[in-house]
Amino acid sequence: MTSAVCLVSGSLLISASLLGAQEKTYVGAQACRSCHPSQFSRQSDTGHAGALHRATKHPLAARFAPEQLFERPPNFQFEFLRTPEGLRVRANDSKYVTELPLEWAFGAGDHAVTFVSKVSNERYLEHAFTYYSDTKSFDITPRHELLPGKTLHQAMGQPLKIRGSSSPIRECFQCHSTGPVSVSAAGAIRVTEPGVHCEVCHGPGGAHVQAVSRGDLGQAKTLIRTPKALSAAELNRFCGTCHRFPGADGRTFEWNNPWNVRHQPPYFQQSNCFQKSSGALSCLTCHNPHEKVRRNDSAYYSQKCAACHSSDALPPRDVCKAPEAPDCTSCHMPNVAVSPHLKFKNHWIGVYLNGSAPKPSR
């Protein structure tokens, strides 16, 4: 540090080059803990924080080696094992047997956990079987039923390239972790911090922490990103970095495809509520990123709706004609089934006359 700072008139001045480097330095969520203990504690319990684990370190790891066989048509059998080397999957077609490690576990387990492993210096494999929390068991990974599965290797899962101008597997790791994602010479993906933590939203904290350590709280506030200062449209696109956003015109996005409902920002942006709120309605209106998602808490979300949809509002807004204490989201943001195990809340707020269609009637 002595080469990077100098003492002038009793004050420590940080060189511009060092400051620039610190602004891009990720320090990890633990560095935020001492000053922000409440936010750290609550955020650590969210699905975001648990978005990525080494498979053996996942909180649900004890469930990942059930003593049963799982079948994939036409003639493949899968078995999940706990070995001294870690969790593994063994597959056979009655003629050949192959075995692979379960290396990374994607997903906190609120819905599901999908596994990814390095299988060569060029490819990772997204495994064909996913753990689903609704049944506490394994079944085919979403969309894998659409992939070829004629050979044993094909039946094991979907291979994904590590390198290239567009590397889907690196993008998966990037959105499920915090900080830069790199690749070793041997093709192993390295993450800075597993899970989605403070610096995904607030940016690299190196310069911020340094300013705090010097007691310069005023400067510290300028050296960290504050997402709540963004406009509703900016925030929606910011969250859409990982929660997915279609092209600028949206014309290439398949709005009627139920599978796409899991991408909340593009559907939310289509809502009249969003478009006519003059920026008052944003992701943060209903979701505190430092807290767990309030699943099945209909009263909480209905309160959010009633804050705007009130006859006392100026000007008066449409008021629900349902009985007292309505569950707004069940009607206006219905769940859409995207697979036998998964349902996602449709964020295109509207009037649904035909149940849980991807697009509202109005």
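The values are calculated or read from the model by the stated rules, or taken from the named source; none is laboratory data. Quick caveat, the model's predicted, so the values are computed rather than measured. Reconstructed Cβ throughout: ideal geometry from the backbone, glycine too, with neighbour counts over all protein chains shown. All accessible areas refer to the heavy atoms of the entire protein, side chains included, with ligands and DNA or RNA removed. Shrake-Rupley method; radii C 1.70, N 1.55, O 1.52, S 1.80 Å.
The stretch between residue 319 and residue 190 holds 41.3 nm of extra length on full extension. This uses 0.36 nm per residue minus the Cα-Cα distance.
With R₀ set to 30 Å, the beta-carbon distance separating residue 120 from residue 25 gives a calculated FRET efficiency near 0.40. Phi angles across the range 156-163 convert, under the Karplus curve 6.51 cos²θ - 1.76 cosθ + 1.60 with θ = phi - 60°, into 3J(HN,Hα) values of 5, x, 9, x, 10, 5, 7, 10 Hz, Gly and Pro given as x. Bridgeable lysines around residue 161 (alpha carbons under 17 Å apart, same-chain partners fewer than 8 residues away excluded): 118.
Gain on full extension, evaluated as 0.36 nm per residue between residue 68 and residue 359 minus their Cα-Cα distance, stands at 100.7 nm. Rounded to the nearest Hz, the phi-derived 3J(HN,Hα) couplings of the range 212-222 under the Karplus curve 6.51 cos²θ - 1.76 cosθ + 1.60 (θ = phi - 60°) are 4, 5, 8, x, 8, 5, x, 5, 4, 5, 7, where x marks glycine and proline. Extending 7 Å from Cα along the Cβ direction at residue 234 and again at residue 291 yields two label points whose distance is 2.5 nm. Only beta bridges with both residues in the chain are counted; by DSSP, about 100 percent of them are antiparallel. Remark: the range 352-362, residue by residue, has Karplus-estimated 3J(HN,Hα) of 10, 8, 10, x, 10, 5, x, 10, x, 6, 6 Hz, where x stands for each Gly or Pro and the curve is 6.51 cos²θ - 1.76 cosθ + 1.60 at θ = phi - 60°. Of all aspartates and glutamates in the structure, those lying under 12 Å Cα to Cα from residue 57, and not within fewer than 8 positions of it along the same chain, are 103. Close amide-amide hydrogen proximity is noted between residue 50 and 196, each under 5 Å apart and 5 or more residues distant or on a separate chain (H modeled in the peptide plane; Pro and chain starts excluded).
Our helix-only sum for the chain, with -39,500 (n - 2.57) per DSSP H run of n ≥ 4 divided by its residues, gives a mean residue ellipticity at 222 nm of -6000 deg cm²/dmol.
The stretch between residue 226 and residue 137 holds 28.1 nm of extra length on full extension. This uses 0.36 nm per residue minus the Cα-Cα distance. Annotation: amide H-H contacts under 5 Å for residue 281 (H modelled 1.01 Å from N, sequence separation of 5 or more, or interchain): none. As a rough guide to protection, the peptides 339-351, 64-76, 27-39 ranked by mean Cβ packing within 10 Å, highest first, stand as 339-351, 27-39, 64-76. Compactness of the range 25-103, taken as the C-alpha radius of gyration over 2.2 N^0.38 Å, stands at 1.61. A simple spin-label model places the labels of residue 99 and residue 34 4.7 nm from each other, with each point 7 Å out along Cα-to-Cβ.
Against the empirical curve 2.2 N^0.38 Å, the C-alpha radius of gyration of the range 110-155 lands at a ratio of 1.24.
Residues whose amide H falls under 5 Å from that of residue 352, counting only those 5 or more places apart or on a different chain, are 361, with hydrogens built in the peptide plane. Solvent-accessible surface of protein heavy atoms, probed at 1.4 angstrom with all chains present, puts 130, 222 in the order 222, 130, largest first. Share of carbon and sulfur in the accessible area of the chain stands at 53%, probe radius 1.4 Å. Per residue, the chain exposes 57 Å² of accessible surface when a 1.4 Å probe is rolled over the protein heavy atoms with every protein chain present. Excluding same-chain neighbours fewer than eight residues apart, the lysines reachable from residue 304 by a Cα-Cα span under 19 Å are 228, 276, 292, 321, 345. Per residue, the average separation of C-alpha pairs within less than 8 Å and at least 6 apart gives the range 112-202 a relative contact order of 22 percent.
Mean separation of Cα pairs under 8 Å and 6 or more residues apart, divided by the residue count, gives the chain a relative contact order of 13 percent. Just so you know, the Rg over Rh for the chain is 1.01, from Cα atoms, with Rh as the Kirkwood radius.
Radius of gyration over Kirkwood radius for the range 106-209, both on Cα atoms: the Rg/Rh ratio is 1.03.
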